[in-house]
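Written out below as structure tokens is the structure these notes cover.
Laboratory data are not the source of any read-out in this text; all were calculated from the coordinates shown. Predicted, not measured: the structure shown is a model, and the values here were computed from it. In this analysis, Cβ positions are derived from the backbone assuming ideal geometry, glycine residues included, and neighbour counts consider all displayed protein chains.
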Amino acid sequence: MNLFVGRNGKKNGQAAPSSPPPIIDMRGLRKVYDTGAIQVEALRGIELVVQPREFVAIVGPSGSGKSTLLNIVGCLDVPSEGSYRLDGEEVAELDLDELADIRNRKVGFVFQSFNLLPQITAYENVEMPLLFKGAGARERRERVGWLFEQVGLADRMRHKPTELSGGQMQRVAIARALACEPALILADEPTGNLDTSSGQDIMSLFEQLAEKGHTLVLITHDAALARRTRRIVRLQDGLIVEDGPVSRAA
Amino acid sequence: MLRLGLVWKLFRRAAHIQRKRMAMTVAAIAWGTLSIVLLLSFGEGLKRNFSRGSRGLGEGIVVVWPGSTGIAYAGFPQGRNLTFMPADVPLLRASIPELGLASAEMIRWGNNVAYGRKTFSKPIKGVEPTYGELRNQIPEPGGRFLNERDEHEKRRVAFLGDNVKRELFGEREAVGETILINQAPFTVIGVMAKKIQMGAYSGMDQDHVLMPLSTFRAITGRTRLSDFVVRARTPAETPELKRQLFEVLGGKYRFDPEDERALRMWDTLETQKVTINIGLGIEIFLGMIGALTLLIGGVGVANIMFAVVKHRTREIGVQMAMGARRSYVLGPLVVESLFLTAVGGGIGVAVGVGVVQLLALVQSKSNSDALQFLGAPTFSPGVALTTILLLGGIGFLAGFFPARRAVSIQPAAALRYE
Ligand SMILES: Nc1ncnc2c1ncn2[C@@H]1O[C@H](COP(=O)(O)OP(=O)(O)OP(=O)(O)O)[C@@H](O)[C@H]1O
Ligand SMILES: [Mg+2]
């Protein structure tokens, strides 16, 4: 790459090595759901930049487009219009397999309904992204063991998801999201299906991850939980209506 | 690439998880294959035996009996009974060029046929050496049919139907032994090989004792023929042969060659035409049942695969969300189809061939005519392969298309699936 810079003497648009590109860089992003009869404009021009190591909460009323936005951030869906650069890479230019690789290596997704595969063990669920990545048997074994220790479930690895509590399932899901050391961890109402105390545990886990330097974006309906992040983005009718740091005083 | 290893691992994991469904699919494919293999194997065997049986009496032969005149002719009144004489056959040979083979036949019922202490009442027949070929009476190895010298020298020799032989001798060797026919000693020169006979005009061949025509006349003192059996040089000449018979015999016995009642004839070619049509009917019938069986089997397999993959759309979404490429989802499914098809088809064919062989064994040990008639089921690898590929293919398509749909929509959409 850099060879070409020298030859034609032009900058190739990439930021200087000293300042890494934003993890999320969205410009004029729109999403229209075409359900045949009616077209729903879920996102109507989103401008969002998230730098590495940020810890962001997305809030807003139901139907405001939070999940739509997060799905696009996580490459689970594609925008109808606008530009989205993930870790410096324009997502619109990627084919299906490249998108799959991005989801595998750069993004860890945590869902409200856990989305663990019910027929395989917790261990095998966490191992899954590592299989897709092509990690060797030894690397997988060590990595999965370490992840289960991190989320405090080392003694539950061989259980099926159905044999775990909601909080435990969500911790398995977080371990899975962390498996390939993603640049970005996304969570869509991760505490939405949990009781208060399990929700607190999960939130603490996210705080620890943020402490360690992970970049996190999560959706929540709970204002108290949102205030435990460092930046709140408020969505309404498919637009960002408020975006600023959490004021510790309030 | 190293990706084949991954696909294999994912397939093994899925196979382990879905043991029951895999077993069901294997069973469905195996069952379908088995049904078709058996159906068509038996059908083929039955058809062969049917057409062989219809030729058991003799191929392309015409049996001719004297009738009674239906038309007054040359000064003779209507209703005159005709009789055939031994000299008729040489006359026919000399005057009808279309005639291929001919044999006179004389029958007497209720004769004492004895060997050792066993005595049975059996029909005896006097026939000419050509009779064996005409009537498809082939000697078992070690024996022979009547020949010209037997005829010429009025030898006291007998050719036994296989049933007569069994009754008199059991499993023992009969050729060379002496039997008594109405107290007169006869040497057994041959035994008829077992055959399937589906038509008869004087009892089944297996129950007959044959001797030279000359010997028969000598011991019975009879001069009239019961009938004679003829065959045209080629099947196409049969109608002309029949016409000539009316001409020549009409000339000799003074009846109108147009008088259909003067000679009674049984043309086995006519019978065979019917048989061929019945055989064709059986084939169409079995083909239809086979197609229906295949359809039902195919629907069954398709249903299992379709239901499962449809059900798994959300799980496929989860895998995609974790970074599975399309080939990691579809690859194991392809391997699975190949595996299910191979195992299910293999079991079906193995069991089918086993049953066919078991039946062949039972048949060889048993004398049941019904079993014999079922015939040797004939395994057809082509049919088996087609069945397996069709069932496997249907299962594969039924699973592949929903899965391909699931991987070509965005993971977000697949995850919304319930
Ligand atoms: N697959 C879809 N097809 C059609 N319309 C959709 C689809 N997904 C979302 N929508 C619509 O887009 C809008 C935004 O939906 P989204 O799920 O992003 O909201 P949300 O902010 O996540 O709401 P909630 O807080 O209830 O989860 C809604 O009006 C919704 O009806
Ligand atoms: Mg939502």
* Any idea how far the Cα center of region A:139-179 sits from the one of region B:296-351, in Å? -> 28
* Structure fact -> The rounded separation in angstrom of the Cα centers of region B:378-396 and region A:101-127 is 40
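Quote the FRET efficiency, to the nearest 0.05, computed for A:Ser247 versus A:Ser62 with a Förster distance R0 of 25 Å and r equal to the Cβ-Cβ distance. The partial results should precede the final answer.
Values: r = 25 Å, r/R0 = 1.00.
Efficiency at R0 = 25 Å is approximately 0.50.
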* Average beta-carbon neighbours from other chains, 10 Å sphere, peptide A:126-134 -> 5
* Structure fact -> To the nearest 20 debye, the protein assembly as shown has a Cα-centred charge dipole, built from +1 on Lys and Arg Cβ and -1 on Asp and Glu Cβ, of 1080
* When B:Leu91, B:Leu101, B:Leu134, A:Leu194 are ordered from fewest to most other Cβ atoms inside 10 Å of their Cβ, what list results? -> B:Leu91, B:Leu101, A:Leu194, B:Leu134
* Per residue of A:105-117, what is the mean number of Cβ atoms on other protein chains within 10 angstrom of that residue's Cβ? -> 3
* **region A:209-250 - Rg and Dmax from Cα coordinates, angstrom** => 11.2, 34
* Asked: What is the Å³ per residue value for the convex hull set by the Cα atoms of chain B?
  -> 208
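Please give the per residue volume of the convex hull enclosing the alpha carbon atoms of region B:61-268, rounded to a whole number of Å³.
On the way: hull volume 25.0 nm³, N = 208.
Output value, Cα hull per residue: 120 Å³.
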* Asked: Taking R0 as 41 Å, what's the FRET efficiency between B:Thr178 and B:Ala94 from their Cβ-Cβ distance, rounded to 0.05?
  -> 0.65
* With a 10 Å radius around each residue's Cβ, average the other Cβ atoms per peptide and rank B:182-188, B:391-397, highest first. => B:391-397, B:182-188
* **Extreme residue, positive dipole direction of region B:61-268, given options B:Gly176, B:Val229, B:Ile196 (C-beta unit charges)** => B:Gly176
* **Relative contact order of chain B, pairs being alpha-carbon contacts under 8 Å that are 6 or more residues apart, as %** => 29
* Asked: How large, in Å, is chain A by the Kirkwood hydrodynamic radius built from its alpha-carbon pairs?
  -> 19.2
* How do A:Phe206, B:Phe50 line up, fewest other C-beta atoms within 10 Å first? -> B:Phe50, A:Phe206
* Asked: If you take every DSSP beta bridge whose two residues both sit in the protein assembly as shown, what share of them, in percent to the nearest 5, is antiparallel?
  -> 70
* Structure fact -> Around A:Phe55 (Cβ within 12 Å, Cβ-to-Cβ, excluding A:Phe55; K/R +1, D/E -1) the net charge comes to +3
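Hey, can you list the DSSP H helices of chain B whose Cα span along the axis is 30 Å or longer and whose average Kyte-Doolittle score is at least 1.0? Write out the running numbers ahead of the final one.
Values: long enough: B:19-54 (51 Å, 0.36); B:268-311 (63 Å, 1.27); B:326-365 (58 Å, 1.34); B:381-408 (39 Å, 1.27).
Long hydrophobic helices here: B:268-311, B:326-365, B:381-408.
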* For chain B, what is the mean residue ellipticity at 222 nm derived from helices alone (per DSSP H run of n ≥ 4: -39500 (n - 2.57); sum divided by total residues; nearest 500 deg cm²/dmol)? -> -18500 deg cm²/dmol
* To do: Beyond 15 Å, what share of the Cα-Cα pairs of region A:39-146 is found? Please give it as a whole percent.
  => 72
* Asked: Are any of the pairs A:Lys133/B:Lys20; B:Lys47/B:Lys242; B:Lys195/B:Lys273 more than 27 Å apart by Cα-Cα distance, and if so, which?
  -> A:Lys133/B:Lys20; B:Lys47/B:Lys242
* **Cα lying deepest toward the dipole's positive end in the protein assembly as shown, options B:Ser121, A:Met169, B:Gly392, charges on Cβ** => B:Ser121
* To do: Whole number please: convex hull volume per residue, Cα atoms of the protein assembly as shown, in Å³.
  => 290
* Just going by the charge dipole of region B:61-268, with Lys and Arg at +1 and Asp and Glu at -1 on Cβ, which of B:Leu249, B:Thr69, B:Phe145 is farthest out on the positive end? -> B:Phe145
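Dipole size in debye (nearest 20) for chain B around its Cα centre, Lys and Arg Cβ +1, Asp and Glu Cβ -1?
It comes to approximately 2180 debye.
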* Structure fact -> Output for region B:231-276: GluC sites (Glu not before Pro) sitting in coil per DSSP, at most 15 other Cβ within 10 Å, listed by number, reads B:Glu258, B:Glu260
* About its Cα centre, how strong a charge dipole does chain A have in debye, to the nearest 20, once Lys and Arg get +1 and Asp and Glu get -1 at the Cβ? -> 600
* Cα-based radius of gyration of region A:89-201 once divided by 2.2 N^0.38 Å, which approximates compact folds -> 1.07
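Exposure proxy check: A:Leu218, B:Leu168 ranked by fewest other beta carbons within 10 Å? Intermediate values should be presented prior to the final figure.
Numbers: A:Leu218 25, B:Leu168 22.
The order, fewest Cβ neighbours first, is B:Leu168, A:Leu218.
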* Which residues' amide hydrogens lie under 5 Å from the amide hydrogen of B:Leu225, considering only partners 5 or more residues apart or on another chain, with H built in the peptide plane? -> B:Phe84, B:Met85
* To do: With a cut-off of at most 10 other beta carbons within 10 Å, and DSSP calling the residue loop, which trypsin sites (Lys or Arg not before Pro) in region B:23-71 qualify? Please list them.
  => none
* Structure fact -> Taking alpha-carbon centroids only, region A:20-73 lies from region A:191-250 a number of Å equal to 16
* Alpha-carbon Rg/Rh ratio, for region B:1-79, with Rh computed the Kirkwood way -> 1.68
